[in-house]
Amino acid sequence: MPRFQDILLLIGQLNYTWTNTESLLIHMIAGLAHSDKETAIVIFLTLNTPRARIDLVERLAKMQKTPPECRAEVLETTRRLSEEAKLRNKYNHCIYSFDPDSGRGLTQSMRIFEGREDIKYGKIEELDDQEVGRIRESIHSLIAINQSFWRITDKYGFPK
């Protein structure tokens, strides 16, 4: 079961890195809305999904009062965060199964895909070395996105 433990640890690291990075949207909200950090925290926590939080930050960045350079940097960083959300969502909304003998891991999607006349659900995918590599790449990307948000916070004097 060592592979099972390694994969669970890696997914835990993906979730930790995502949550830590998503929380930096608080500084983007505070800076772009010209509010204090406490107000931005209340706004952040009131929005129920990462998509809603990212949408808010992007809309604030697109306002005319946001300097063009700041707008471009924020939008590029939120675009990258949205890309990473796909893999994070996949691993947060699935069932895991592991064969104790072979160590082979599988995920089964907990999403419904609806067509015109049928539904599909439970897509099964293998947690192979290539997929483990994708998770590792996503963690590294999230770390870089985190650093970008901090650079923006510092560069534009957003509340810390």
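Read the figures in this text as sums done on the coordinates, not as results from a lab. What you see is a predicted model; the values in this text were computed from it and never measured. As a convention, Cβ positions derive from the backbone with ideal geometry for all residues, glycine included, and neighbour counts pool all protein chains shown.
Structure notes:
- Packing-based ranking of 109-120, 16-27, 86-97 yields 16-27, 86-97, 109-120, ordered from highest to lowest mean Cβ neighbour count within 10 Å.
- Charge dipole (debye, nearest 20) of segment 73-160; +1 at Cβ of Lys and Arg, -1 at Cβ of Asp and Glu: 480
- Only the Cβ atoms of Lys and Arg (+1) and of Asp and Glu (-1) were treated as charged; on that basis the dipole of segment 35-95 about its Cα centre amounts to roughly 240 debye.
- Members of 62/155; 86/120; 90/160; 90/155; 62/123; 62/120 lying beyond 28 Å, as alpha-carbon distances in this model show: 90/160; 90/155; 62/123; 62/120
- Expected 222 nm ellipticity per residue - DSSP helices of 4 or more, -39500 (n - 2.57), all of the chain, to 500: -21500 deg cm²/dmol
- Centre-to-centre separation between the Cα atoms of segment 50-107 and those of segment 142-160: 16 Å.
- For mean projected area of the Cα convex hull in nm², the value computed from the atomic coordinates appears in the list [x] 11.5; [y] 9.0; [z] 8.1 under label [x].
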